[in-house]
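*Asks:* Got a structure here, written out as structure tokens. Questions coming.
Throughout, read-outs are computed from the coordinates displayed, never taken from laboratory work. The shown structure was predicted, so the numbers you read here are calculated from the model rather than taken from an experiment. We place every Cβ from the backbone using ideal geometry, glycine too, and count neighbours over all the protein chains shown.
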Amino acid sequence: MHTPEPAGPAPAARTVRVVPGGPVLIEGPVEVVLPDGTRARSDRFVVAVCTCRRSRRYPWCDTSHRRRVRRDDREV
């Protein structure tokens, strides 16, 4: 079976970095599609996407994760 070639050059790969206890950093610009279908766009060269759901600017990180340590990040 023949797979058609994509039209035009392939988009450049983006770097995504997971910060332990913090956000996910993604090279921008990006468009984030939320579960309800809402789209949030940022043209910054690097964006921080919230993973703790505490951000008042969700889906963007506002460093709210610094106020409280996650259960799995605490010393036992």
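*Asks:* Which whole-Hz ³J(HN,Hα) couplings does the stretch 17-31 yield from phi under the Karplus relation 6.51 cos²θ - 1.76 cosθ + 1.60, θ = phi - 60°, glycine and proline marked x?
*Replies:* 10, 8, 9, x, x, x, x, 9, 9, 10, 5, x, x, 9, 10
*Asks:* Enumerate the calculated ³J(HN,Hα) couplings along the stretch 47-61 in order (Karplus 6.51 cos²θ - 1.76 cosθ + 1.60, θ = phi - 60°), each rounded to whole Hz, writing x wherever the residue is Gly or Pro.
*Replies:* Working through the residues one at a time gives 10, 10, 9, 5, 10, 9, 6, 9, 5, 6, 10, 3, x, 7, 6 Hz.
*Asks:* What's the local net charge at Val47, with K and R +1, D and E -1, over the other residues with C-beta under 14 Å away?
*Replies:* Working: positive: Arg14, Arg17, Arg39, Arg41, Arg44, Arg57; negative: Glu27, Glu31, Asp43, Asp62.
Residues close to Val47 contribute a combined charge of +2.
*Asks:* Sticking with this one: Using only the Cα atoms of the stretch 16-65, each taken as one equal point scatterer with no solvent, compute I(q) by the Debye sum, divide by I(0), and report log10 of the ratio at q = 0.16, 0.22, 0.25, 0.26 Å⁻¹.
*Replies:* The calculated log intensity ratios at q = 0.16, 0.22, 0.25, 0.26 Å⁻¹ are -0.40, -0.76, -0.97, -1.03.
*Asks:* Near the amide H of Tyr58, under 5 Å away, which other amide H atoms are found, from residues 5 or more places off or on another chain, if H is placed in the peptide plane?
*Replies:* Under 5 Å from the amide H of Tyr58: no residue qualifies.
*Asks:* Students often check this: by mean Cβ neighbours within 10 Å, which of 49-56, 12-19 ranks highest, and how do the rest follow?
*Replies:* 49-56, 12-19
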